[in-house]
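First the structure, in the form of structure tokens, and then the observations on it.
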Amino acid sequence: QVQLVESGGGLVQAGGSLRLSCAAAGRTLSTYALGWFRQAPGKEREFVAAITWSGSNTLYADSVKGRFTISRDNAKNTVYLQMNSLKPEDTADYYCAARRFRASMNSDEYVYWGQGTQVTVSS
């Protein structure tokens, strides 16, 4: 069992930055791919970014490419999402998720999920 806990959300003005963290407990994440997803009010959950278990490959949604960066520190059992140039449309609850080895854009392929952290971007 893997417990994931997100942190770092908050309120920020458009153009600002936030760094989300997702810490794991219960098992090492070193063999797990990690993904970030988000869900805005009234909308379906959507893929944001993912990173392979080794950190060698990353995936990004087109809407965040060039603005968001996913990274991981296996020694700290933590994955990060650096979000720059934030826009009001980035407002959502952000969730991290884990699956074995390969990164995926498909939320159905992730086994473990955190409770989410709220990000609000004001215009």
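The values are calculated or read from the model by the stated rules, or taken from the named source; none is laboratory data. Given the structure is predicted, the values throughout are model-derived calculations rather than measurements. A quick note on method: Cβ atoms are made from the backbone with ideal geometry, for glycine too, and the neighbour counts reach across all protein chains shown. The accessibility values were calculated without ligands, DNA or RNA, using every heavy atom of the protein model including side chains. Shrake-Rupley method; radii C 1.70, N 1.55, O 1.52, S 1.80 Å.
Springs between alpha-carbon pairs under 10 angstrom, Gaussian network model over the chain: which of 109, 44, 89 fluctuates most?
44
Rounded, prolate or oblate for the chain? Axes are the square roots of the Cα gyration tensor eigenvalues, ordered a ≥ b ≥ c, and the cut-off for rounded is a/c under 1.5.
prolate
Between 69, 78, 31, find the one with the highest GNM mean-square fluctuation for the chain; connect C-alpha pairs within less than 10 Å.
Its mean-square fluctuation being the largest, the pick is 31.
Give the calculated FRET efficiency between residue 25 and residue 62 to the nearest 0.05, with a Förster radius of 41 Å applied to their Cβ-Cβ distance.
0.80
For segment 36-115, what does the accessible surface come to per residue with a 1.4 Å probe? Please give it in Å².
53
Output the relative contact order of segment 5-51, whole-number percent, from Cα pairs under 8 angstrom with separation of 6+ residues.
26
Take the Cα of residue 115, step 7 Å along the line toward its Cβ, and report every residue of segment 52-87 whose backbone nitrogen sits under 20 Å from that point.
It comes to 78-81, nothing else.
Any idea what the relative contact order of the chain is, in percent, if you count C-alpha pairs under 8 Å spaced at least 6 apart?
36
Need the list of lysines near residue 87 for cross-linking: C-alpha distance under 26 angstrom, and skip anything on the same chain fewer than eight residues off.
43, 65
Using 0.36 nm times the number of residues separating residue 108 and residue 7, minus their current alpha carbon distance, what extension gain do you get?
Extending this stretch completely gives an extra 34.1 nm.
Quickly work out the residue 101-to-residue 82 label distance, labels modelled 7 Å from Cα along the C-beta direction, and quote it in nm with one decimal.
Calculated label separation equals 3.0 nm.
Can you give me the distance in nm between label points at residue 14 and residue 71, each placed 7 Å from the Cα along the Cα-to-Cβ direction?
Computed distance between label sites residue 14 and residue 71 equals 2.8 nm.
Considering only protein heavy atoms and a probe of 1.4 Å, how much of the accessible area of the chain is carbon and sulfur, as a whole percent?
46
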